[in-house]
Amino acid sequence: GIQVEQSPPDLILQEGANSTLRCNFSDSVNNLQWFHQNPWGQLINLFYIPSGTKQNGRLSATTVATERYSLLYISSSQTTDSGVYFCAVARASNTGKLIFGQGTTLQVKP
Amino acid sequence: GAVVSQHPSRVICKSGTSVKIECRSLDFQATTMFWYRQFPKKSLMLMATSNEGSKATYEQGVEKDKFLINHASLTLSTLTVTSAHPEDSSFYICSATQPDTQYFGPGTRLTVL
């Protein structure tokens, strides 16, 4: 099956700093999503981005499908950005059968 | 955006009992829902695909007789953990798909004593 690797596994930032999270995947995919899991366990969809670049406020993501990686950028981080960021992929474009990476745990300190 | 709810949010039970977890799509119809399991500080693992009006599809290694899934309506899927044991303790999360977006429930934390 498809392997998904995320880096770094852990990240500590000072409020206001910028960061880049990386997701590498081992095979071609037509579905790639980034999620944020808050400390209470709720998963929030950040981006559906099988290719290209998207931006939403302080967050942006880029996927280079031909090179099998995706990047999530967080700018001007806030304490509310803390939590675990997951990258998840699937071969099919519109499916909930996602393969998740191990996540990046982000802690933003005030 | 779409909302998916789960009930209960937390359950503690004795070993050998069965526990039912409900997953509802509140403002949209979902012919397909998905059940995931997450161990502490670990990633999510897909357990099964719940199909409205038909049998669930289980991922390799998931015991279908242990984890019973029923998808009786377009807005409700249930996961029943039968004869629960301490190793079944985990965080169970359901999800439903809308075009280009996956919506997750808030999760159910199961503790089996």
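The values are calculated or read from the model by the stated rules, or taken from the named source; none is laboratory data. Every value quoted in this text rests on a predicted model; they were computed, and no experiment measured them. Using ideal geometry, Cβ is built from the backbone for each residue, glycine included, and neighbour counts are taken over all protein chains shown. The area values use the complete protein model at the heavy-atom level, side chains included, leaving out ligands, DNA and RNA. Shrake-Rupley method; radii C 1.70, N 1.55, O 1.52, S 1.80 Å.
Taken as a whole, the condition of being outside any strand (DSSP E or B), open to solvent by 50 Å² or more (accessible area, probe 1.4 Å) and away from chain A (no Cβ under 14 Å) applies to B:Gly53. Taken as a whole, the structure places A:Ser76 among residues that are over 30 Å from B:Asn51 (Cβ atoms), open to solvent by 50 Å² or more (accessible area, probe 1.4 Å), more than 14 Å from every other protein chain (Cβ to nearest Cβ) and part of a loop (DSSP other than H, G, I, E, B). Taking segment A:79-110, which residues are within 14 Å of chain B (Cβ to nearest Cβ) and part of a loop (DSSP other than H, G, I, E, B)? Matches in segment A:79-110: A:Arg91, A:Ala92, A:Ser93, A:Asn94, A:Thr95, A:Gly96, A:Lys97, A:Leu98, A:Gly101, A:Gln102, A:Gly103. Taken together, A:Ser51, A:Ser93 contain a single residue that is touching a helix residue (DSSP H, G or I) at 6+ places or on another chain (Cβ under 6 Å) and of a type outside the set (Phe, Trp, Tyr), which is A:Ser51.
Flag: A:Leu32 does not match the condition of being away from chain B (no Cβ under 14 Å), open to solvent by less than 40 Å² (accessible area, probe 1.4 Å), in contact (Cβ under 8 Å) with a residue 24 or more places away in the chain and assigned to a strand (DSSP E or B). In segment B:16-36, the condition of being over 26 Å from A:Tyr85 (Cα atoms), open to solvent by 10 Å² or more (accessible area, probe 1.4 Å) and among the basic types (Lys, Arg) is met by at least one residue.
Take the conditions (1) at pLDDT 95 or above; (2) under 18 Å from A:Gln78 (Cβ atoms); A:Arg22 misses just one of them, which is (2).
Is it the case that A:Thr63 is open to solvent by less than 70 Å² (accessible area, probe 1.4 Å), assigned to a strand (DSSP E or B), away from chain B (no Cβ under 13 Å) and not hydrophobic (A, V, I, L, M, F, W, C)?
Numbers: open to solvent by less than 70 Å² (accessible area, probe 1.4 Å): yes; assigned to a strand (DSSP E or B): yes; away from chain B (no Cβ under 13 Å): yes; not hydrophobic (A, V, I, L, M, F, W, C): yes.
Yes; evaluated as a whole, the condition is true for this residue.
Close Cβ contacts (under 6 Å, 6 or more residues apart or on different chains) running from residues in segment A:1-24 that are open to solvent by 100 Å² or more (accessible area, probe 1.4 Å) to residues that are part of a strand (DSSP E or B) comprise A:Glu5/A:Asn24; A:Asp10/A:Thr105; A:Ile12/A:Gln107; A:Gln14/A:Lys109. Cβ-Cβ contacts under 7 Å between residues 6 or more apart (or on different chains), taken from a first residue in segment B:95-113 that is closer than 22 Å to B:Ala84 by Cα to a second residue that is acidic (Asp, Glu), are listed as B:Leu110/B:Asp88; B:Val112/B:Asp88. In segment B:6-17 there is at least one residue that is within 11 Å of chain A (Cβ to nearest Cβ) and more than 22 Å from A:Leu46 (Cα to Cα). Residue pairs whose Cβ atoms lie under 6 Å apart, separated by 6 or more positions or on different chains, with the first residue in segment A:41-65 and within 22 Å of B:Ser43 (Cα to Cα) and without any contact (Cβ under 8 Å) to a residue 24 or more places away in the chain and the second open to solvent by 40 Å² or more (accessible area, probe 1.4 Å) and in a loop (DSSP other than H, G, I, E, B), are A:Gln42/B:Pro106; A:Tyr48/B:Asp100. Annotation: of all residues in segment B:63-101 being assigned to a loop (DSSP other than H, G, I, E, B) and among the aliphatic types (A, V, I, L, M), the one that is least open to solvent (accessible area, probe 1.4 Å) is B:Ala84.
Inside segment B:102-113, can you point out the residues that are on the phi < 0 side of the Ramachandran plot and not in a strand (DSSP E or B)? Please lay out each step first, then the result.
Here is the first cut: in segment B:102-113, the residues on the phi < 0 side of the Ramachandran plot are B:102-106, B:108-113.
Matches in segment B:102-113: B:Gly105, B:Pro106, B:Leu113.
Hey, could you check segment A:35-58 for residues that are surrounded by 17 or more Cβ atoms within 10 Å (Cβ to Cβ) and in a strand (DSSP E or B) and say which is nearest to the chain's Cα centre (by Cα)? Among them, the one singled out is A:Phe35.
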